[in-house]
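Engineer: Below is a structure I'd like to ask you about.
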Amino acid sequence: MSPLGATKIVDIGQLAQVIEVALVAGIGVSIAFSLVIRGVVRADEHRRGRPALATAHALLAVAGLLVVVAAIGFGVSTMLSK
Amino acid sequence: MAGSDVILGIVVATALAFDFTNGFHDTANVVATTISTRALPPRVAVTLAAILNFVGAFLSLAVAATIAKDIVDQDLVTTTVVFAGLVGAIVWNLVTWYFGLPSSSSHALIGGVVGSMLVAHGVHAVHFDGLAGKVLVPALIAPILAFSVAGIAILVCYRVVGRLAPGPVNRGFRFGQVLSGQMLALAHGTNDAQKTMGVITLALIANGNLGKDASVPTWVVVSAATAIALGTYIGGWRIIKTMGSRIIKMDPAQGFAAQGAGAATILAATHFGYPLSTTHVISGGVMGAGAAKRLSAVRWGVAGNIVVAWVLTLPCAAFVGGLVYAVTRVFGGGAAGPVVVAVAGVALLVYVFARRVQRGTAIAPTAEGTRA
């Protein structure tokens with residue numbers, strides 16, 4: 001099969017978009033959720049001795065959580081709109 | 001009752017039977033990691049997945065993706081062709097389930113229909129470029145992409161939570177697995193129940209019961225949703241065992257990376273109208289999450305068997321679909337052929353089930369996933 005034929009069968013542009021978004025979304029959600037866990041655990045550790053640090057970690061957890069919730073919202077809207 | 005109505009009734013029943021096998025076969029992939037890391041008890045995991053598959057079936061009723069669209073000549077599809085294709089898909093689903101091998105039910109259905117079309121109308125009825133673009137290339141892309149995404153994701157997860165106490169970290173990732181697992185189950189319901197609805201609607205249109213532009217009848221939506229939910233609730237324990245513990249021994253972070261990366265990959269692909277198989281994505285994700293930690297952590301022999309099953313899905317389902325179509329033609333063009341095949345198939349299933357009951361159940365759910 002010629003390269004042109006292969007390009008006709010596979011939409012290279014669409015495929016590149018899928019790979020790019022899957023990488024960003026998959027790794028992004030994992031980072032965000034890991035930060036939620038890290039933020040919650042660290043905030044709990046520093047709750048008594050270092051309240052400022054605990055607050056910073058809590059904010060990190062909230063930021064991560066917002067990203068995860070946004071990703072879930074994107075997923076549900078994708079399912080509803082297809 | 002006219003002969004065509006008899007065939008229609010058989011096609012509807014066979015489509016629902018396929019939907020049932022789709023439920024216990026493919027959703028096993030969705031719940032396997034959740035069960036193996038003990039994020040949820042087995043029965044709770046499959047019950048939640050069953051409910052979300054049921055709900056998912058109602059979320060999107062676009063039947064644009066009817067069976068084998070752009071792969072076979074839609075004008076040549078008859079109810080008997082669909083019946084033979086469904087039987088091919090069911091047989092392959094049952095064979096791969098028996099050996100505990102996760103394979104794509106959608107590819108089995110496409111294979112079955114392609115095989116019956118080849119026997120019914122010859123090679124000109126099959127669009128091979130569509131087959132390559134919509135089935136073969138995605139089948140290659142899906143596991144590699146999920147493998148890469150899950151592999152990078154688990155490395156990042158370990159990096160971020162590396163120095164924390166394992167107790168709360170594992171609890172956190174187990175909770176994440178519950179979320180990502182339910183997203184996957186919902187996505188599966190919106191994808192796969194649709195295919196059965198499409199098959200039944202196509203048969204109703206072909207038989208003249210519905211107009212060409214008719215929407216999906218409510219009874220079709222409810223019956224397809226119920227069949228896939230029931231199949232999910234039964235639980236494909238053999239496949240759950242393979243996915244959950246035979247490929248890698250996974251920790252909750254790996255389970256989350258595989259499922260989270262899988263859900264993100266599937267939904268990103270769906271967003272761009274590039275459907276990927278849930279089975280291929282989750283299998284690739286599980287292997288990627290294991291290999292990134294340590295290459296030898298993956299049982300490559302089991303992984304190889306799974307890949308062989310993927311490669312064989314299309315030709316084997318096509319062979320059975322073609323064979324079934326040929327057998328139905330031996331009895332002429334009426335309803336006799338499908339009736340004989342359907343009765344023989346049910347009799348064989350009853351015989352196999354009776355034998356299993358005599359021997360006792362071999363596979364059952366436990367807290368660790370399954371017991372052989």
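Engineer: Among B:198-209, A:53-64, how do they line up from the highest to the lowest mean number of other beta-carbon atoms within 10 Å?
Structural biologist: B:198-209, A:53-64
Engineer: Below 11 angstrom from the Cβ of B:N170, what's the summed charge of the other residues (Lys, Arg +1; Asp, Glu -1)?
Structural biologist: Net local charge, B:N170 excluded: +2.
Engineer: So what are the ³J(HN,Hα) numbers for segment A:14-31, from phi and the Karplus equation (6.51, -1.76, 1.60; θ = phi - 60°), rounded to whole Hz, Gly and Pro as x?
Structural biologist: With coefficients 6.51, -1.76 and 1.60, one gets 5, 4, 4, 4, 4, 5, 4, 5, 5, 5, 5, 5, x, 6, x, 5, 5, 4 Hz.
Engineer: Sticking with this structure for a sec: Within chain B, what's the longest run with no chymotrypsin sites (Phe, Trp or Tyr not before Pro) in a DSSP loop and at most 15 other beta-carbon atoms within 10 Å? Give the range, please.
Structural biologist: B:100-330
Engineer: Over the whole of A:72-81, what's the average partner chain Cβ count within 10 Å per residue? Rounded to a whole number, please.
Structural biologist: Shielding by partners across A:72-81 averages 6.
Engineer: Across the protein assembly as shown, how many lysine pairs, 8 or more apart or on two chains, come within less than 13 Å at their alpha-carbon atoms?
Structural biologist: Pairs that pass both the separation and distance tests number 5.
Engineer: I want to check the label-to-label distance for B:F99 and A:E20. Put each point 7 Å from Cα in the C-beta direction and report it in nm to one decimal.
Structural biologist: 4.0
Engineer: So, one more: Considering every Cα-Cα pair within chain B, what fraction, in whole percent, is farther apart than 34 Å?
Structural biologist: Roughly 25 percent, once rounded to a whole number.
Engineer: Per-residue mean of other chain beta-carbon atoms within 10 angstrom of the beta-carbon, peptide B:186-199?
Structural biologist: Counting Cβ atoms of other protein chains within 10 Å of each residue's Cβ and averaging gives 1.
Engineer: Can you tally the net charge around B:T279? Count Lys and Arg as +1, Asp and Glu as -1, for every other residue whose Cβ sits under 12 Å from the Cβ of B:T279.
Structural biologist: Here the count lands on -2.
Engineer: Continuing with this model, one more query. To the nearest 20 Debye, how big is the dipole of the protein assembly as shown about its Cα centre, given +1 on the beta carbon of each Lys and Arg and -1 on that of each Asp and Glu?
Structural biologist: Charge dipole, the protein assembly as shown, about its Cα centre: 1860 debye, nearest 20.
Engineer: Given the DSSP H assignment, sum -39500 (n - 2.57) over each helix run of at least 4 residues in chain B and divide by its residue total; what's the result at 222 nm in deg cm²/dmol, nearest 500?
Structural biologist: -25500 deg cm²/dmol
Engineer: Report the FRET efficiency, 1/(1 + (r/R0)^6), for B:A214 and A:L65, where r is their Cβ-Cβ distance and R0 is 41 Å, rounded to 0.05.
Structural biologist: 0.40
Engineer: Continuing with the same structure: Run the dipole for chain B about the Cα centre, Lys and Arg Cβ at +1, Asp and Glu Cβ at -1, nothing else charged, and hand back the magnitude in debye, nearest 20.
Structural biologist: 1600
Engineer: Which whole number gives the average, over all residues in B:272-285, of C-beta atoms from other chains lying within 10 Å of the residue C-beta?
Structural biologist: Averaged over the peptide's residues, the number is 2.
Engineer: Also, I was wondering about something else. Select from B:H280, B:A263, B:I228 the residue farthest towards the positive end of the dipole of segment B:192-290; place +1 on Cβ of Lys and Arg, -1 on Cβ of Asp and Glu, and compute about the Cα centre.
Structural biologist: Final value for the positive-end residue is B:H280.
Engineer: Could you size up the charge dipole of segment A:3-81 around its Cα centre, putting +1 on the beta carbon of Lys and Arg and -1 on that of Asp and Glu, and report it in debye to the nearest 20?
Structural biologist: 360
Engineer: Tell me, B:V113, B:V222 in order of fewest to most beta-carbon neighbours within 10 Å?
Structural biologist: B:V222, B:V113
Engineer: Using only alpha carbon pairs under 8 Å that are at least six residues apart, calculate the relative contact order of chain B and give it in whole percent.
Structural biologist: 36
Engineer: If you don't mind, another one. Can you sort B:V160, B:V286 from fewest to most other Cβ atoms within 10 Å of each residue's own Cβ?
Structural biologist: B:V160, B:V286
Engineer: Ok, one more. Net charge near A:R38, counting Lys/Arg +1 and Asp/Glu -1 over other residues with Cβ under 14 Å of its Cβ?
Structural biologist: +2
Engineer: Can you put B:T328, B:T33, B:T47, B:T78 in order, fewest other beta carbons within 10 Å first?
Structural biologist: The order, fewest Cβ neighbours first, is B:T47, B:T78, B:T328, B:T33.
Engineer: Which FRET efficiency value, to the nearest 0.05, is calculated for B:V352 and A:V76 with the Förster distance at 51 angstrom and r the Cβ-Cβ distance?
Structural biologist: 0.80
Read the figures in this text as sums done on the coordinates, not as results from a lab. Keep in mind the model is a prediction, meaning the values are calculated, not measured. Positions of Cβ are generated from backbone atoms using ideal geometry, with glycine treated the same way; all protein chains shown enter the neighbour counts.
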